[in-house]
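The values are calculated or read from the model by the stated rules, or taken from the named source; none is laboratory data. Please read all numbers here as calculations on a predicted model, not as lab measurements. Glycine gets a Cβ as well: all are built from the backbone with ideal geometry, and neighbour counts include every protein chain shown. The accessibility values were calculated without ligands, DNA or RNA, using every heavy atom of the protein model including side chains. Shrake-Rupley method; radii C 1.70, N 1.55, O 1.52, S 1.80 Å.
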Amino acid sequence: MALPSIGGGRQIGDGNLTEVVLGVQPTPATATSTATLTIAQLITGVINGSPASSAATYTLPTVALTEATLTNCRVSSSFDFSVCNIDGSGSGVITLAVGTGWTITGLATIAATAGTTGQFRAYKTGATTWTLQRLA
């Protein structure tokens, strides 16, 4: 069933404000030691990191690779994702690093405590540039 889209907005269901709004959550991506993340991992919305007993750096894919997958993005397009440190070994801090064309603003580390999560918003800022902003 198609969602109505008259008047610049959309209404889900019959408009009952007490209805839960459901989304789709693909299987979370995983990463262990230092790696370059793929756009496929990022767009799952959740990356479960387990860097074990040493720190790990997860580098964002290049903007060129990002836009090769997200072909309909335009300036101000965005998507959110979270990185959860599921290891909690004490020294397994996860650090996000830039790929070519990216800028990171805000804290780019996820502490080594099990269950610590960083929430991020990736948004297109120019023809060949994206920014990653820490939300929480």
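Points worth noting:
- Fluctuation leader among Q41, Q25, Q119 - the chain, Gaussian network, Cα springs under 10 angstrom: Q25
- Label-point gap, in nm, between F79 and T128 - each point 7 angstrom along Cα→Cβ: 2.2
- Residue with peak Gaussian network fluctuation, the chain [Cα springs, cutoff 10 Å], from G126, G106, G23: G23
- On a per residue basis, the chain carries 57 Å² of accessible surface, using protein heavy atoms and a 1.4 Å probe.
- Inter-label distance, nm, simple model (7 Å from Cα along the C-beta direction), T69/T18: 4.1
- For the chain, the square roots a ≥ b ≥ c of the C-alpha gyration tensor eigenvalues yield an a/c of 1.5 or more together with a/b not exceeding b/c, which makes the shape oblate.
- Over the stretch 55-123, the ratio between the Cα radius of gyration and 2.2 N^0.38 Å evaluates to 1.22.
- Positive-pole candidate from I43, T69, A114, dipole of the chain, charges at beta carbon: T69
- Taken along the Cα-to-beta-carbon direction at a fixed 7 Å, the label points for T59 and T34 span 0.9 nm.
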